[in-house]
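One structure is given below, encoded as structure tokens.
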Amino acid sequence: MIFCLGTTPAMSRSMTFASLKLDDVNRAAAVGDYAAGKNVNAARVLATLGEPAMTIGFLGGPRAAEMRADMNAAGIVHDFLDVTSPTRLCVTVIDRAAGTATELIEEPSAVTKEGVGRLLKQLADLVARAAGPWSDSKKQNTGEPPVPPNAPPPVVSESFAKSALAVPLDSAPPDFSGLRPTGGPPVPLGAPLSALSSSHPTGGVPVPFGALPSVLPESLDTTGLTAPRSAPFGSLTPGDGTSQPLLLLSGSLAPGVPVTFYRDCVALATSAGVRTIVDAAGEPLGKALAAKPFVVKPNRSELARTLGRSIESDAQLREAIADLISMGPTWAVVTLGRDGAIVSDGREFWRVNVPTIEPVSAIGSGDSFAAGLAAGIARGQTVPEAVRLAAACGVANALTERAGHLSRESVDQFLSQIELVRMR
């Protein structure tokens with residue numbers, strides 16, 4: 001199961017014009033509204049790839065129902081928290097004659113501290129569930145009986161969310177490994193769900209995601225869980241219950257969300273044995289590095305902004321990536337647009353070359369890249385191998401007018417054209 005978390009989702013309106021003339025009346029040739037935002041775009045791509053995923057975050061106002069309806073129709077599993085602040089509307093303007101795509105962004109509304117605490121508590125519940133079944137499938141626990149139907153979810157204390165929000169901005173990431181969700185003993189890294197509570201009505205046995213929707217949190221919208229999944233494409237196999245659980249953190253933080261939020265999410269997931277991918281930039285990414293995420297995925301400009309310096313040459317780029325990794329993450333993947341990407345563990349570097357295309361709209365290609373990266377890692381691929389799938393998803397997205405609306409056939413086509421070259 002891959003959890004796609006973001007605090008700034010949006011309803012997106014795509015407006016396509018045969019030829020756009022500024023300071024004049026223009027009539028759209030096509031208009032489409034759909035659920036978007038970086039985490040939603042990534043979850044949409046994962047649904048297309050057939051990889052079990054869930055997207056979470058905040059929704060509010062009249063657009064919340066529209067967002068949920070579109071995600072249901074697309075088979076995207078979601079469990080967004082309702083908040084009072086309204087979900088924004090963003091507009092993509094595509095000029096076919098000029099071959100351009102322009103994005104008009106409405107800034108997100110503020111989120112309350114209480115809302116942030118609720119999201120952290122929800123994430124604690126979800127990663128605890130996800131880690132148990134996977135470690136069981138890898139025979140990392142002692143083995144336990146099946147989960148009875150309608151088993152209630154584990155309970156995480158309210159003190160958990162408060163502990164995350166009370167941490168000073170410049171302090172070390174909180175250690176969640178000793179978290180006592182129900183007042184019981186500390187939870188060991190990667191422990192099965194039974195470690196959460198000896199008083200749990202079912203004995204706390206692991207919950208198999210996808211197999212028993214009835215044991216998921218009561219607030220979960222399960223419409224997407226029953227959506228049919230397509231067969232795997234190419235030589236890749238989608239999640240089958242043994243895929244590694246992952247947390248994908250995407251996008252900027254809404255006003256009111258602490259700059260340490262992604263750092264705390266990484267620490268929380270790591271304490272449960274769930275690896276993380278951070279697709280962010282600037283101070284939120286900088287703070288998250290201390291929690292040692294598995295992969296960080298900035299683009300070149302985001303990397304420069306995070307490190308506070310210009311990056312002009314390939315030599316400067318490699319030096320910047322090495323410096324970034326020295327700050328905590330295991331891997332860094334830096335996307336370069338039409339020039340592909342560079343992936344490194346700080347010791348070795350690989351360049352990912354992509355085919356030349358005439359893009360329709362590159363909006364959402366970074367999110368699609370992140371989704372492909374998460375899917376590859378969840379299926380057991382090395383990070384450099386997973387970046388090939390990531391790049392294929394990014395290229396396929398650039399041929400669509402709507403972010404994240406790629407096709408599996410297009411991904412399969414481009415996958416064979418992605419080159420992974422070790423740099424010297």
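Bear in mind that the values in this text are calculations on the coordinates, not laboratory data. If you're wondering where the values come from, they're calculated on a predicted model, not measured in any experiment. Backbone-built Cβ (ideal geometry, glycine too); neighbour counts: all protein chains shown.
Miscellaneous remarks
- Taking (1) surrounded by fewer than 24 Cβ atoms within 10 Å (Cβ to Cβ); (2) touching a residue at least 60 places away in the same chain (Cβ under 8 Å) in turn, ILE377 satisfies each apart from (1).
- Selection from segment 28-46 of residues that are among the polar types (S, T, N, Q) and either in contact with a Pro (Cβ under 8 Å, 6 or more places away or on another chain) or under 14 Å from ALA69 (Cβ atoms) (or both): ASN39
- For segment 25-50, residues that are in contact (Cβ under 8 Å) with a residue 60 or more places away in the chain, aliphatic (A, V, I, L, M) and closer than 17 Å to SER14 by Cα total 4.
- Count - residues of segment 348-366 that are within 20 Å of the chain's Cα centre (by Cα), outside any helix (DSSP H, G or I) and of a type outside the set (Val, Ile, Thr): 2
- All positions within segment 387-408 that are closer than 19 Å to ASP345 by Cβ and touching a strand residue (DSSP E or B) at 6+ places or on another chain (Cβ under 9 Å): VAL387, ARG388, ALA390, ALA391
- Taking the criterion of being in a helix (DSSP H, G or I) and crowded, with 19+ Cβ neighbours inside 10 Å, the residues of segment 71-98 that qualify are MET71, ALA74.
- Residue match in segment 392-403 (condition: surrounded by fewer than 20 Cβ atoms within 10 Å (Cβ to Cβ), touching a Ser or Thr at 6+ places or on another chain (Cβ under 7 Å) and not aliphatic (A, V, I, L, M)): yes
- In segment 101-112, the residues that are in contact (Cβ under 8 Å) with a residue 24 or more places away in the chain form Cβ pairs under 9 Å with partners that are acidic (Asp, Glu), at six or more places apart or across chains, as follows: ALA101/ASP95; ALA101/GLU401.
- Test: residue in segment 39-62 that is of a type in the set (A, V, I, L, M) and surrounded by fewer than 18 Cβ atoms within 10 Å (Cβ to Cβ): no
- From the options GLU51, GLU66, residue that is at negative phi and either outside any loop (DSSP other than H, G, I, E, B) or touching a Phe, Trp or Tyr at 6+ places or on another chain (Cβ under 8 Å) (or both): GLU66
- The set of residues in segment 276-287 that are touching a residue at least 40 places away in the same chain (Cβ under 8 Å) and under 14 Å from LEU5 (Cβ atoms) comprises ILE277, VAL278, ASP279.
- Every pair of residues 6+ apart whose Cβ atoms lie under 7 Å, when the first sits in segment 401-416 and is farther than 12 Å from ILE363 by Cα while the second is in a loop (DSSP other than H, G, I, E, B) and not β-branched (Val, Ile, Thr): ARG408/SER230; ARG408/PHE233; SER410/LEU399; VAL411/PHE233; ASP412/PHE233; ASP412/GLY234; PHE414/PRO355; LEU415/GLY234
- Within segment 374-395, tally of residues that are farther than 15 Å from ALA341 by Cα and touching a helix residue (DSSP H, G or I) at 6+ places or on another chain (Cβ under 6 Å): 3
- Residue within segment 307-323 that is in contact with a helix residue (DSSP H, G or I) (Cβ under 7 Å, 6 or more places away or on another chain) and of a type in the set (D, E, K, R) present: yes
- Scanning segment 318-350 for residues that are aromatic (Phe, Trp, Tyr) and either free of Cβ contacts under 8 Å to residues at least 60 places away in the same chain or on the phi > 0 side of the Ramachandran plot (or both) yields a total of 1.
- Test: residue in segment 328-335 that is of a type in the set (A, V, I, L, M, F, W, C) and over 19 Å from the mean Cα position of the chain (by Cα): no
- Total residues in segment 1-38 satisfying the condition of being among the polar types (S, T, N, Q), closer than 23 Å to GLU51 by Cβ and not in a loop (DSSP other than H, G, I, E, B): the figure is 1.
- Some residue of segment 367-385 being polar (S, T, N, Q) and assigned to a loop (DSSP other than H, G, I, E, B): yes
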